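Please read the structure below before turning to the comments.
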Amino acid sequence: MLACGVLFDTADHLLLAAGTASGKTEAAFLPILTDLDQRPPTSIAVLYIGPTKALINDQFYRLEGLLAEAEIPLWAWHGDIAAHRKKKMLQNPSGILQITPESLESLLINHRAQLGRLFADLRYVVIDEVHLFMAADRGRQILCQLARLERLIPTIRPRRIGLSATLGDYAQAEQWLVGGDERAKVQTVASPKSGRLRLTLEQYPAPKAHPQNPTPDPTYAPTLFTAAHERPKTLIFANSRGGVETCISLLREMAQRRGWPDIYHVHHGSIATPLREAAERAMRSEHQPAITAATVTLELGIDLGQLERVIQLGAPYSVASFLQRLGRAGRRGTPPEMWLFLAADAAVPQHEWYKKIPWELLRAVAIIQLYLEEKWIEPIPPRRYPFSLLYHQTMSELVASGELTAAQLAQRVLRLPPFAHITLDEYRLLLRHLLALDHIEKLPTGGLIVGLAGEKIARQYRFYAVFQEQEEFVVRGKEGEVGRIIKPPAVGERFALAGRTWLVEEIQEAQQIVFVQQVGGRAPSAWQGGGAAVHGRVVQKMGELLAQEAVPPYAYLQPAAADALSAARDLFWQAMPDLERPYVSPLGGGRYLLCPWLGTAGLETLARLLATHGPEAGWQLEAQANPYTLEVSFDGRAYDLLPALHDLIHHPAHTAETLLPPDETAPQLAKFDEFIPRTPPPNLPARYPKPRRSARHTIEIEEGDRDRGERGCSAN
């Protein structure tokens, strides 16, 4: 009712924040459909933007019947949709269009002349899973796309509706939703957060390896098997694709020994679409039991039916992820329930006391307590200079338009919301660099077009995505595609994928295809590694847990986990009795352990500072023992260590630019960073070639060109 009030009685945008599977989609679409029924649209009236194909397919499944009865067309548009369905929509645009940011970029580029007809009566833009978009270039890409669409069609001002289950700061989400337009108003409708949770957290001893079995099963395997089968539907989350594969292979093998049926599924981004959809159908079915292990792909709002229990293997990396996963269970009045299974690390030498601290257990408890005590969720860090996206939108505008002057390009690109802090001088530098790279070309008339090198980047389908994509091999079995892997094992070797074991029969390197045969037994996963950044507040909470005089009797802690926390606290107090910040502990021989209680980004920055500028001040970075501590040596007296560290950190000459040694280039973190010019800071040797300067590399943009209005520009 509250959502209806906002959409019916005001002209404001709407932010809907509620738990997973709480009916946000229905709350948004019921008033929208009422409007469409009373005032039939003359074009696409609703643009629904979702983060994944799977979520779009799921929402299509949920809305199709309702819309068919109301005679409102529903279209899905992404890479898996057949060409004839897309052609039909282009011929008769109406109703609701569900699309990914990548496919929307393709529309803006390849169907520019038809956009006015397609969206002439666009009234609503629904953005699902807002929290996923806000922190990423994909979200900034959406803001660019909506601004470009409204500029191309001056008659539309669609209402924006954001949907999210996990938000810590509503004001920040409201600001993002309107794309920096200070005149726009957003009303938030949030459901009250339930105070009832069922949590169980236990730590299990590390398994003992022996020569006959170097990779033994985790000691929690029997308990996991029982817990997973106590409910007709169980969803298991792991922090990596390898963890998911290992879990399902283990459970399937244990069931086979008992003669039980195969009810196991895998769901992650490298599994073939039909197998992912089969897992989703099995979880939705009311008449068959199913156990599915997944990564972040099932954190989203895909309908999985009634789930009573979620299992988490290992500690989550963020409060947001913890809440998303917890929220998958608990519907129809039942509280959400999560069981967390953690494995202790293998034994370490007694003198390396810091390696005996159960860091993962600390992270799990810190994440849970930050939510229970403070309702804290990671804030979205602002990004003032998204240069990779600036390159992308510059090339996208040029490809779509064909030819623009530098002034026109500046008007169209720099006025997009994400680029408010980028100066004209910086944009000139980018354009000159792209001219030198032949990504853009200057015509004798002065206009700019896409250059030959730029054509190779911007004229292929991978350009539409602003996130990094890995080159992968397609794995094909007897029944078709199984999934994708980055590096295939050699012919004759076995690996796990989609919860089953495969024997490599043939590898076609040129076509990047691996032909396999399904075999029995278990094998290592094709996916190794995993992990994610941890926010500084989570790490600080971990330190607070260790510094407490006694471990509080948290109800969800099972005996072994509680004992491990208590032992860790005692060990920490013995090693660091003064509890200074940052915590420092002598390791002998001039070596020290630093526990600065910084998040992933902060600790990596400190490590780089010590590596680049530490030696000149008597410091040496020895090792990073784990994601939370650094081992260092200091050429000085122990009581001078902290003041010296303070001076090193706050030295005015130590800037972000000077953290790079002369022989190292800036890391390429975003997809198009390799095309961004690197201008060396003053007094440092140039590490990058300067762009060639000639008449064809001269860029003329006047100061007024950035803000000169262009709402009446042609859509042709």
List the pairs whose first member sits in the stretch 632-660 and is more than 12 Å from residue 619 (Cα to Cα), whose second member is charged (D, E, K, R) and at pLDDT 90 or above, and whose Cβ atoms are under 7 Å apart, counting only residues at least 6 apart or on separate chains? 659/608
Assess whether residue 259 counts as being of a type outside the set (D, E, K, R) and within 19 Å of residue 324 (Cβ to Cβ). no
If you scan the stretch 573-604, which residues turn out to be under 17 Å from residue 538 (Cβ atoms) and assigned to a helix (DSSP H, G or I)? 600, 601, 602, 603, 604
Within the stretch 367-383, count every residue that is among the β-branched types (Val, Ile, Thr) and in a loop (DSSP other than H, G, I, E, B). 2
Those residues that are farther than 30 Å from residue 396 by Cα, under 28 Å from the mean Cα position of the chain (by Cα) and among the hydrophobic types (A, V, I, L, M, F, W, C), I need them from the stretch 486-513; list them, please. 495, 496, 497, 498, 513
Being in contact (Cβ under 8 Å) with a residue 24 or more places away in the chain and among the basic types (Lys, Arg) is the filter here; which residues of the stretch 216-265 pass it? 231, 233, 241, 252
Scan the stretch 448-486 for residues that are farther than 26 Å from residue 136 by Cα, in a loop (DSSP other than H, G, I, E, B) and either in contact (Cβ under 8 Å) with a residue 24 or more places away in the chain or assigned by TED's automatic domain parsing to the domain that holds residue 273 (or both) and jot them down. 478
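For the stretch 619-635, indicate whether the set of residues that are of a type in the set (Gly, Ala, Ser), in contact with a helix residue (DSSP H, G or I) (Cβ under 9 Å, 6 or more places away or on another chain) and more than 21 Å from residue 545 (Cβ to Cβ) is non-empty. Full working, then the answer.
We begin by selecting, within the stretch 619-635, every residue of a type in the set (Gly, Ala, Ser); these are 623, 625, 633.
Right, trim to in contact with a helix residue (DSSP H, G or I) (Cβ under 9 Å, 6 or more places away or on another chain) and you get 625.
From what is left, the residues that are more than 21 Å from residue 545 (Cβ to Cβ) are none.
For the stretch 619-635, residues of a type in the set (Gly, Ala, Ser), in contact with a helix residue (DSSP H, G or I) (Cβ under 9 Å, 6 or more places away or on another chain) and more than 21 Å from residue 545 (Cβ to Cβ): absent.
Within the stretch 281-298, take every residue that is crowded, with 24+ Cβ neighbours inside 10 Å and either in contact (Cβ under 8 Å) with a residue 60 or more places away in the chain or over 18 Å from residue 228 (Cβ atoms) (or both) and give me the one that is farthest from the chain's Cα centre (by Cα).
Of all residues in the stretch 281-298, those crowded, with 24+ Cβ neighbours inside 10 Å come to 283, 291-294, 298.
Retained after the next criterion (residues that are either in contact (Cβ under 8 Å) with a residue 60 or more places away in the chain or over 18 Å from residue 228 (Cβ atoms) (or both)): 291, 293, 298.
Working: 291: 25, 293: 19, 298: 13 Å.
Applying the filter and picking the extreme gives 291.
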The stretch 67-86, residues that are without any contact (Cβ under 8 Å) to a residue 12 or more places away in the chain, of a type outside the set (Val, Ile, Thr) and closer than 18 Å to residue 461 by Cα: 82, 83, 86
Looking only at the stretch 487-500, which residues are assigned to a loop (DSSP other than H, G, I, E, B) and more than 22 Å from residue 263 (Cβ to Cβ)? 487, 488, 489, 490, 491, 492, 493
In the stretch 617-641, what residues are surrounded by 15 or more Cβ atoms within 10 Å (Cβ to Cβ), hydrophobic (A, V, I, L, M, F, W, C) and either closer than 14 Å to residue 605 by Cα or out of contact with any Lys or Arg (no Cβ under 9 Å at 6 or more places or on another chain) (or both)? 617, 619, 621, 630, 641
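Answer yes or no: is there a residue in the stretch 598-605 that is touching a Lys or Arg at 6+ places or on another chain (Cβ under 8 Å), crowded, with 18+ Cβ neighbours inside 10 Å and not acidic (Asp, Glu). Break it down into steps so the answer makes sense when it comes.
Within the stretch 598-605, the subset touching a Lys or Arg at 6+ places or on another chain (Cβ under 8 Å) is 599.
If we keep only those that are crowded, with 18+ Cβ neighbours inside 10 Å too, we end up with 599.
Checking which are not acidic (Asp, Glu) leaves us with 599.
Checked against the condition, which is being touching a Lys or Arg at 6+ places or on another chain (Cβ under 8 Å), crowded, with 18+ Cβ neighbours inside 10 Å and not acidic (Asp, Glu), the stretch 598-605 yields at least one hit.
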What number of residues within the stretch 501-523 satisfy the criterion of being closer than 21 Å to residue 471 by Cα, out of contact with any strand residue (DSSP E or B) (no Cβ under 6 Å at 6 or more places or on another chain) and part of a loop (DSSP other than H, G, I, E, B)? 3
Which residue out of 585, 566, 525 is polar (S, T, N, Q) and under 30 Å from residue 494 (Cβ atoms)? 525
Mind checking which pairs have a first residue in the stretch 420-447 that is in a helix (DSSP H, G or I) and a second that is among the basic types (Lys, Arg), Cβ under 6 Å, 6 or more apart or different chains? 424/706; 436/692
Could you please let me know if residue 203 is modelled with pLDDT of 95 or more and polar (S, T, N, Q)? yes
Regarding the stretch 246-261, can at least one residue be identified that is among the acidic types (Asp, Glu) and under 23 Å from residue 528 (Cα atoms)? yes
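Results for (1) surrounded by 19 or more Cβ atoms within 10 Å (Cβ to Cβ); (2) in the same structural domain as residue 180 (by TED's automatic domain parsing); (3) closer than 29 Å to residue 276 by Cα, shown as yes or no for each residue.
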{"position": "72", "(1), (2), (3)": "yes, yes, yes"}
{"position": "85", "(1), (2), (3)": "no, yes, yes"}
{"position": "88", "(1), (2), (3)": "no, yes, yes"}
{"position": "98", "(1), (2), (3)": "yes, yes, yes"}
{"position": "101", "(1), (2), (3)": "yes, yes, yes"}
{"position": "110", "(1), (2), (3)": "no, yes, no"}
{"position": "114", "(1), (2), (3)": "no, yes, no"}
{"position": "132", "(1), (2), (3)": "yes, yes, yes"}
{"position": "137", "(1), (2), (3)": "yes, yes, yes"}
I'd like to check something: does the stretch 262-269 contain any residue that is closer than 19 Å to residue 475 by Cα, at pLDDT below 95, assigned to a helix (DSSP H, G or I) and out of contact with any Lys or Arg (no Cβ under 7 Å at 6 or more places or on another chain)? no
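Looking only at residues that are of a type outside the set (D, E, K, R) and closer than 22 Å to residue 361 by Cα in the stretch 619-650, which one is modelled with the lowest pLDDT? Before you say what the answer is, go through the steps one by one.
As a first pass, look at the stretch 619-650 and keep what is of a type outside the set (D, E, K, R): 619-621, 623-630, 632-634, 636, 638-639, 641-646, 648-650.
When the remaining residues are screened for being closer than 22 Å to residue 361 by Cα, the result is 624-630.
Values: 624: 83, 625: 72, 626: 83, 627: 90, 628: 92, 629: 92, 630: 92.
This residue is 625.
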Can you spot a residue in the stretch 236-245 that is buried (at least 23 other Cβ atoms within 10 Å of the Cβ), assigned to a loop (DSSP other than H, G, I, E, B) and of a type in the set (Val, Ile, Thr)? no
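The values are calculated or read from the model by the stated rules, or taken from the named source; none is laboratory data. Bear in mind that the values here come from a model prediction, so they are computed numbers and not experimental data. Cβ sites come from the backbone with ideal geometry, for glycine too, and all protein chains shown count toward neighbours.
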